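Read through the structure below, which is laid out as C-alpha cells, and then see the notes.
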Amino acid sequence: MDLRPARPDELPLLPPVEQASGELFRDFGMPEIADDDPMPLSTLEHLHVWVAADPHPVAWVAVEVVDGAAHVEQISVHPDHARRGLGAALLDHVERWAAARGLDALTLTTFRDIPWNGPYYRRLGFREVEHPSPGLVAIVAAETARGLDPATRVCLRRPVRPGVRAGY
C-alpha cells in the first residue's frame with residue numbers, strides 16, 4: 001500500500017471513502033452521522049492530505065496545524081480495507097510529518113465511546129486532553145454548532161514519540 005500526499009486530481013475520490021466509512025455509524029444507531037455531508041473539496045484543498053492508495057485512495061487523513069500540534073481533521077478508511085492497519089499507518093505517517101516540523105503532538109476530536117473512535121485511538125497512544133488549547137476549544141465549539149453533542153465528544157492527544165524519525 002502506497003502512503004503518500006494526495007494529488008489534486010485525487011481529492012474528488014476522498015469524499016466517497018469518507019461516506020462509505022461513515023456507514024458504520026448507521027449500524028451503531030447514529031444514522032445522522034452516517035448521513036452527514038463529507039468534508040467539502042474546498043476544505044480539503046487547504047489541508048495537508050495523505051492517502052493510502054492501491055492504486056486509488058482507499059484511506060486518507062487530513063491534517064492542519066492547531067496550537068503547535070498536527071490536528072487530524074478527518075481520517076477515513078473504506079470498509080473494504082478496514083482492519084488492516086491503514087488508519088494506524090496514516091497516523092504514524094502524520095507523526096513523522098509533525099516531527100519534521102517541530103510539532104509536539106497529534107490531536108483529534110472524536111466520539112468518546114464508539115469502539116472504532118475513542119477506544120481505538122486510545123489503543124494507538126492517544127490520551128484525553130484535560131485542558132484543551134484555545135484551538136481545540138474552537139474546534140469543539142464548531143462541532144457543537146454543527147449539531148454534535150459535546151458530551152459525546154472527546155479531545156485526544158498523542159505526543160510525538162521520542163525517536164520518531166522525520167521522514168521528510
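Read-outs: derived from the displayed coordinates by stated rules, not from any lab. These numbers come from a predicted model, not from an experiment. In this analysis, Cβ positions are derived from the backbone assuming ideal geometry, glycine residues included, and neighbour counts consider all displayed protein chains.
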Which residues, counting only those in segment 1-29, are under 23 Å from Glu95 (Cβ atoms), in contact (Cβ under 8 Å) with a residue 24 or more places away in the chain and in a loop (DSSP other than H, G, I, E, B)?
Met1, Ala6
Looking for whichever is in contact (Cβ under 8 Å) with a residue 24 or more places away in the chain and of a type in the set (A, V, I, L, M) here; the options are Leu148, Leu156. Which one fits?
Leu156
Is there a residue in segment 45-61 that is buried (at least 19 other Cβ atoms within 10 Å of the Cβ), in a strand (DSSP E or B) and among the small types (Gly, Ala, Ser)?
yes
Take Glu64 and tell me if it is out of contact with any helix residue (DSSP H, G or I) (no Cβ under 9 Å at 6 or more places or on another chain) and within 20 Å of Tyr121 (Cβ to Cβ).
yes
Taking segment 64-73 as the region of interest, how many residues are more than 11 Å from Leu90 (Cα to Cα), touching a residue at least 24 places away in the same chain (Cβ under 8 Å) and assigned to a strand (DSSP E or B)?
6
Go through segment 2-40 and report how many residues are surrounded by 15 or more Cβ atoms within 10 Å (Cβ to Cβ) and either on the phi > 0 side of the Ramachandran plot or of a type in the set (Gly, Ala, Ser) (or both).
5
Subset of segment 107-140 that is of a type in the set (A, V, I, L, M, F, W, C) and touching a strand residue (DSSP E or B) at 6+ places or on another chain (Cβ under 8 Å) - its residue that is surrounded by the most Cβ atoms within 10 Å (Cβ to Cβ):
Leu108
Go through Ala142, Ala151, Ala138 for me and flag whichever is within 13 Å of His71 (Cα to Cα) and hydrophobic (A, V, I, L, M, F, W, C).
Ala138
How many of the residues in segment 42-60 are over 11 Å from Glu18 (Cβ atoms) and under 16 Å from the mean Cα position of the chain (by Cα)?
10
